[in-house]
Amino acid sequence: MAVSRRPPRSRPETLARRRDILDAAVEIFGNKGFTGGTLQEIADEVGMTHAGILHHFGSKDKLLLEVLALRDETDVADLDEQHIPDGIALFRHLVRTAFINEGRPGIVQAYAVLSAESVTDDHPGRDFFEKRYEVLRGAVSDAFTMVCAEHGVTSKETIALASASILAVMDGLQVQWLLAPDTVELGRASEFAIEAIVDSVIAPTRSPLS
C-alpha cells in the first residue's frame, strides 16, 4: 500500500515560516544575547522543534547573521533600489531611521545587545559588525565629501572624525533610549546630534572647549 506524502510547502509558506523564526530570534537574542538565547527557546516560540530551526537556517551562527541582516534590510526597504542615498539625503535618511526605530524597540534592542557582544573573541557576529561599520563609515564619509564640495570645504581628517561620530551618537542614543524610553527622545535627539555634527563640518567655528 502506497503511503501518501504531504505536498511540499510552497515558497511563500516557507518564507513566512522563516520570517516567524527570525522575529522570534530577534526577541530571544534581544533579551538574552546570542550566548544566552538558545535555539530551543526560539523553536518553542514558533511551535517548532530544534531540528526544524536547523532545517531552515543550518546553524545558530547562520541564524544570527540573518537576524543582523534583517535590520539593514528593513532600514532601506522603502528607498529607491533598496540602498542608502548619497549626499545630504543620507543624513536625512539617518534621521528618518532614528524616528522609525522608536516604533521597533525589539530589533533595536537585539542590535544593541549583539553589537556589544561582538567585541568579544570568536563571536560569530564580529565580522558582520566590523564590515558593517566599515561600510557605513565609508558611506557617511562619501556623503560628507559631496556636501563639503558644495560648500567649498575640504578636510579629510574632519570628515573621518565626523563619520565615526555620527554612527557612535546614533548607537549610543539607542542604548540610552532603551534604558529610559520616557526620558530620551530617540528621534529628536538623533536629529539634533546629526545636524550639529554636519553643521560643524560644513560651517566650522572655534570650539568653546578650546
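The values are calculated or read from the model by the stated rules, or taken from the named source; none is laboratory data. As the structure is a computational prediction, the values presented were derived from the model and not from experiment. Positions of Cβ are backbone-derived with ideal geometry, glycine not excepted, and every protein chain shown enters the neighbour counts.
Counting residues in the range 148-159 that are touching a Ser or Thr at 6+ places or on another chain (Cβ under 8 Å), closer than 20 Å to Ala69 by Cα and buried (at least 16 other Cβ atoms within 10 Å of the Cβ) gives zero.
Looking only at residues of the range 9-38 that are of a type in the set (Val, Ile, Thr) and in a helix (DSSP H, G or I), we find that the one that is nearest to Leu70 (Cα to Cα) is Val26. Answer yes if at least one residue in the range 100-120 is more than 17 Å from the chain's Cα centre (by Cα), exposed (fewer than 14 other Cβ atoms within 10 Å of the Cβ) and under 27 Å from Ala189 (Cα atoms), and no otherwise. Among the residues of the range 100-120, not one is more than 17 Å from the chain's Cα centre (by Cα), exposed (fewer than 14 other Cβ atoms within 10 Å of the Cβ) and under 27 Å from Ala189 (Cα atoms), which makes the answer no.
From the list Asp182, Asp142, Asp199, which residue is in contact (Cβ under 8 Å) with a residue 12 or more places away in the chain and out of contact with any Leu (no Cβ under 7 Å at 6 or more places or on another chain)? Before the answer, list the steps.
Values: Asp182 fails: in contact (Cβ under 8 Å) with a residue 12 or more places away in the chain; Asp199 fails: in contact (Cβ under 8 Å) with a residue 12 or more places away in the chain.
Selected residue: Asp142, the only one of Asp182, Asp142, Asp199 that is in contact (Cβ under 8 Å) with a residue 12 or more places away in the chain and out of contact with any Leu (no Cβ under 7 Å at 6 or more places or on another chain).
If you scan the range 168-200, which residues turn out to be of a type in the set (Gly, Ala, Ser) and in a helix (DSSP H, G or I)? Write out each step before concluding.
Restricting attention to the range 168-200, the residues satisfying the condition of being of a type in the set (Gly, Ala, Ser) are 168, 172, 180, 187, 189-190, 193, 196, 200.
Matches in the range 168-200: Ala168, Gly172, Gly187, Ala189, Ser190, Ala193, Ala196, Ser200.
When the range 65-88 is filtered for residues that are surrounded by 15 or more Cβ atoms within 10 Å (Cβ to Cβ) and either out of contact with any helix residue (DSSP H, G or I) (no Cβ under 7 Å at 6 or more places or on another chain) or modelled with pLDDT of 75 or more (or both), the ones remaining, listed by number, are Leu65, Glu66, Val67, Leu68, Leu70, Arg71, Asp72, Ile84, Pro85, Gly87, Ile88.
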